[in-house]
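The structure under discussion appears below in the form of structure tokens.
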Amino acid sequence: MTNAIAEENKLNGTLDWQITRYIYEYPESTMGLPLTRGLRSPAIEGFASATSVYPGEQIDFKISMNPAGAYTIDIYRMGYYGGKGGRHYRQIGPLDGTVQAVPMETIERLRECNWEKGASLVIPEDWPSGVYLAKLSREEPQPAQSYIIFVVKRRGPADIVVQVSDLTWQSYNKWPGVNSLYDDGTPYLWYQGTNVRVSFERPYSKYSQIMEAPLSCGSGEFLLWEYPLTYFLESEGYDVAYCSNLDLHGDSALADNCRVFLSVGHDEYWTRQMYDNATAMRDAGVSLLFLSGNALYHEIVTYGGAGGTFRSFARHKRFMDEHELMGSSSFGPGYGDWTVTKPEHWLFEGTGMRQGDSISGLIGWEYHGAPFKDIEGLEVVAANHLVGTAQSDDDRPNPEHGRHGAVIYPGSLGNWVFNAGTIWWANGLSSPPGHIPAMGTFGRPQGVDSRVQVITRNLLAKCLEPSRLG
């Protein structure tokens, strides 16, 4: 059978998917708040009517410009494409853009934009599954650009499905100023309680959680965490499809069409239904690879809206059983070296790694570690003590807080669950054009590392063995 993704990446790519012009606002009201300075680009900004769509379905683009003017939409699929990182699929426009209102916030600090659509697109049947960036470009005056991000899913089976972490992107999205799940209206920047909601009915502001990332406007956290994995998988010729967090919540076709399911990067926010669905996938023989850190940390509750049944959400409570699925527990900040404890394991074949060898700086900025799931066959394949960690966990006191652990355990049908235990795993796989390198308060990864690549290849080879599903 033809591998559609391998064929896709033989086509001509372009570097023009990248933003080259941007304008951010610096309102006086945020003078004393450095994390919220210069996050919004009212010169041109927008959002999509859905986080993901199938070919044949319509997606709407809702766009605001201040001042009003003409603009175009160029749609790119992200992949390898001979090292260019993206391929141009469609131009829409020129179109006339107008100023659309910033909505008042509700008592739960919710901002939902009831904007008129600027353009609509029925996804052609021949568009392959992928992460797509719609680059918005305004003409004079004030030439500026930003993104709208969405996923095209695949009908039918795929060897690998990559889940983008858009629930977490939205949780930290402060658009239009201080409206993330971490803001409750007080002067304090980080709020950990409930009763604050965020909506997908708004643009993504520039990413500025632990670093300055001006080229990210409108693309969530994709260019930081998921993009290096996308680039690597497609450069290697894997048969890969993509989905949103919301699809793990509500699209039952995932379980039937997936052999390996990947959680990537900063995958913090899940619903209980996502957890249950991932558990069912594991028990049905799907391999789960958590190439992520701080995953399954907060459980959320969902709300409907004008755009559908799941268009906003609020924090509910901490997951306390994430290790039952992932094999290890989820924590916030922690930095260090990814240090091998079982070099004889098949994971490390071809790496040349020995007991105590480390991949420097690969753990950050949040991690997984002890306590581990008590299950037959679970192995801790890498472990180390970290720096930059909190002294305790208020929700779950843990004397081993600050101890990283990467684990692997077998499923019941020949499948595997692997947990790398770091947000920065994919940063060791590739560094494509336009990628925003990772960096944190107490550390940073060193870049592409052949050992991370070999471990990942070994994992996928084992999980995709023909004998697994008979």
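The values are calculated or read from the model by the stated rules, or taken from the named source; none is laboratory data. Because the structure is predicted, anything quoted here is derived from the model rather than measured. Glycine gets a Cβ as well: all are built from the backbone with ideal geometry, and neighbour counts include every protein chain shown. Each accessible area value is taken on the protein alone, full model and side chains, heavy atoms only, with ligands, DNA and RNA left out. Shrake-Rupley method; radii C 1.70, N 1.55, O 1.52, S 1.80 Å.
What about Tyr231, is it surrounded by fewer than 24 Cβ atoms within 10 Å (Cβ to Cβ), touching a residue at least 60 places away in the same chain (Cβ under 8 Å) and not charged (D, E, K, R)? It would help to see each step written out before you state the result.
On the way: surrounded by fewer than 24 Cβ atoms within 10 Å (Cβ to Cβ): no; touching a residue at least 60 places away in the same chain (Cβ under 8 Å): yes; not charged (D, E, K, R): yes.
Considered against the rule, which asks whether it is surrounded by fewer than 24 Cβ atoms within 10 Å (Cβ to Cβ), touching a residue at least 60 places away in the same chain (Cβ under 8 Å) and not charged (D, E, K, R), Tyr231 comes out as no.
Out of all the residues in region 339-356, is one or more touching a His at 6+ places or on another chain (Cβ under 6 Å) and open to solvent by less than 40 Å² (accessible area, probe 1.4 Å)?
Within region 339-356, the first condition is being touching a His at 6+ places or on another chain (Cβ under 6 Å), and the residues that meet it are none.
No, every residue in region 339-356 fails to be touching a His at 6+ places or on another chain (Cβ under 6 Å) and open to solvent by less than 40 Å² (accessible area, probe 1.4 Å).
Among the residues making up region 60-110, those that are among the β-branched types (Val, Ile, Thr) and closer than 17 Å to Gln145 by Cβ are Ile63, Thr72, Ile73, Ile75, Ile92. Only a single criterion out of (1) buried (at least 21 other Cβ atoms within 10 Å of the Cβ); (2) without any contact (Cβ under 8 Å) to a residue 24 or more places away in the chain is not satisfied by Asp276, namely (1).
Residue by residue, here is whether (1) open to solvent by 10 Å² or more (accessible area, probe 1.4 Å); (2) touching a Ser or Thr at 6+ places or on another chain (Cβ under 7 Å); (3) part of a loop (DSSP other than H, G, I, E, B); (4) among the aromatic types (Phe, Trp, Tyr) holds:
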{"position": "His404", "(1), (2), (3), (4)": "no, no, no, no"}
{"position": "Ser431", "(1), (2), (3), (4)": "yes, no, yes, no"}
{"position": "Ile436", "(1), (2), (3), (4)": "yes, yes, yes, no"}
{"position": "Arg451", "(1), (2), (3), (4)": "yes, yes, no, no"}
{"position": "Thr456", "(1), (2), (3), (4)": "no, no, no, no"}
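Here Glu236 passes the criteria (1) more than 25 Å from Ala406 (Cβ to Cβ); (2) in contact (Cβ under 8 Å) with a residue 12 or more places away in the chain; (3) open to solvent by 10 Å² or more (accessible area, probe 1.4 Å); (4) not aliphatic (A, V, I, L, M) except the one numbered (1).
Being under 30 Å from Tyr238 (Cα atoms), outside any strand (DSSP E or B) and touching a residue at least 12 places away in the same chain (Cβ under 8 Å) narrows it down to one of Pro124, Pro143, Pro67, so name that one. First the steps, then the outcome.
Numbers: Pro143 fails: under 30 Å from Tyr238 (Cα atoms); Pro67 fails: under 30 Å from Tyr238 (Cα atoms).
One residue alone meets the criteria, Pro124.
Being open to solvent by 10 Å² or more (accessible area, probe 1.4 Å), at pLDDT 95 or above and either over 17 Å from Glu45 (Cα atoms) or of a type outside the set (Val, Ile, Thr) (or both): is that true of Asp184 here? Criteria not met by Asp184.
Which of the residues belonging to region 40-63 are surrounded by 24 or more Cβ atoms within 10 Å (Cβ to Cβ), among the hydroxyl-bearing types (Ser, Thr, Tyr) and modelled with pLDDT of 95 or more? Answer for region 40-63, where residues must be surrounded by 24 or more Cβ atoms within 10 Å (Cβ to Cβ), among the hydroxyl-bearing types (Ser, Thr, Tyr) and modelled with pLDDT of 95 or more: just Thr51. For region 146-181, give me each residue that is over 24 Å from Ala101 (Cβ atoms), assigned to a strand (DSSP E or B), open to solvent by less than 40 Å² (accessible area, probe 1.4 Å) and not small (Gly, Ala, Ser). Residues satisfying the conditions are Val151, Val152, Ile160, Val161, Val162, Gln163, Val164.
The strands (runs of 3 or more DSSP E) located wholly in region 320-371 that include 1 or more residues which are within 16 Å of Gly421 (Cβ to Cβ), free of Cβ contacts under 8 Å to residues at least 60 places away in the same chain and of a type in the set (Gly, Ala, Ser) occupy 329-333, 358-363, 366-369.
As a summary of the residue check, Gly304 satisfies the conditions (1) modelled with pLDDT under 95; (2) closer than 23 Å to Ser328 by Cα except for the one numbered (2).
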